[in-house]
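No lab work stands behind these numbers, since they all come straight from the coordinates. Small disclaimer: the values here were computed from a predicted structure and weren't measured. Positions of Cβ are backbone-derived with ideal geometry, glycine not excepted, and every protein chain shown enters the neighbour counts.
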Amino acid sequence: MSAAERPFAKLLVLDLDETLIHARDRDEPPLPWPAQRQVARYHVHLRPGVREFMSSALQRFVGVGIWTSASTEYATAMLDRLVDRRRLRFIFARDRCTQVWDAEREQTYWRKDIAELHGFGFGPGSILVVDDKPKGLECSHANLIPVRPFEGDPEDLELPMLRRYLEQLGPLDDVRQADKRRWREQFEDEDFDLDVS
Ligand SMILES: [Mg+2]
C-alpha cells in the first residue's frame, strides 16, 4: 500500500440527522419529491452520495464513528444499508450528549464534548467531527467541520465536496490548526458528479 493510499490515522465522527440523512415524520408535510426509504414512521431522504461517502470514509480513515443526539434505536435503523455497522468504531446517541439551556434562544440544545471519545485512543488533534449544528460542538470547535443542514435537496453536493476536503485534512499533524469554517468555498466553482464514487 503506497503512502497515498494508507488510511489517515484520524477518527472521523459523523452526525446523522441533516448531515447524512433527512428524516421526516409521516405527520409532517411531505417534500415535493419522493423519499428513498420508509423507516418506522419516517420518510427518509438520503443525502446525495451518502453511501459512497460512507464507504470512502471507512477506507480513508482508521476510525469512523456516528454521533447523534437521537436514540440508539433510531440511529441503528437509519444506518441500516447505508453502512456496514460492524465497521464503525461506535454509534453514540443522546446518552453521550449533554442537554444545555440556550438562554438567548430560550431553548435547549445537545452538546457533544469530544472528551467522550477519549477511550478510542485518538488525541484531540486527530479527531474530526462533521455536524450541521456548530453550537453542539462549542467545546471542541477546532475539531468541527460544519456542514450545511440537509433538508432533502436532491441536488445537494455537500458530501462529494466534503470527501475532497477530508483528503486535505487527513494528512495534517493536528487537524485543529486548519480553519474549517469556510472550507466549502474552495470547491464551489468545481464540478462534482454524484454518480462517480
Ligand atoms: Mg444534525
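What the table shows:
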quantity: Euclidean distance of C-alpha centroids, region 113-130 and region 46-105, integer Å; calculated: 15 Å
quantity: Positive dipole terminus of region 11-187, leading residue within Q59, Q186, G119 (C-beta point charges); calculated: Q59
quantity: Additional length obtainable on full extension of the chain from D191 to A77, 0.36 nm per residue less Cα span; calculated: 37.8 nm
quantity: Calculated FRET efficiency for the pair W33/R164, C-beta based, R₀ 25 Å, to 0.05; calculated: 0.45
quantity: Footprinting exposure proxy for S55, S2, S140 (fewest neighbouring C-beta atoms within 10 Å first); calculated: S2, S55, S140
quantity: For the chain, alpha-carbon Rg over 2.2 N^0.38 Å; calculated: 1.01
quantity: Inter-label distance, nm, simple model (7 Å from Cα along the C-beta direction), S2/D102; calculated: 4.5 nm
quantity: Dipole in debye (nearest 20) - the chain, about Cα centre, beta carbon charges: Lys, Arg +1; Asp, Glu -1; calculated: 820 debye
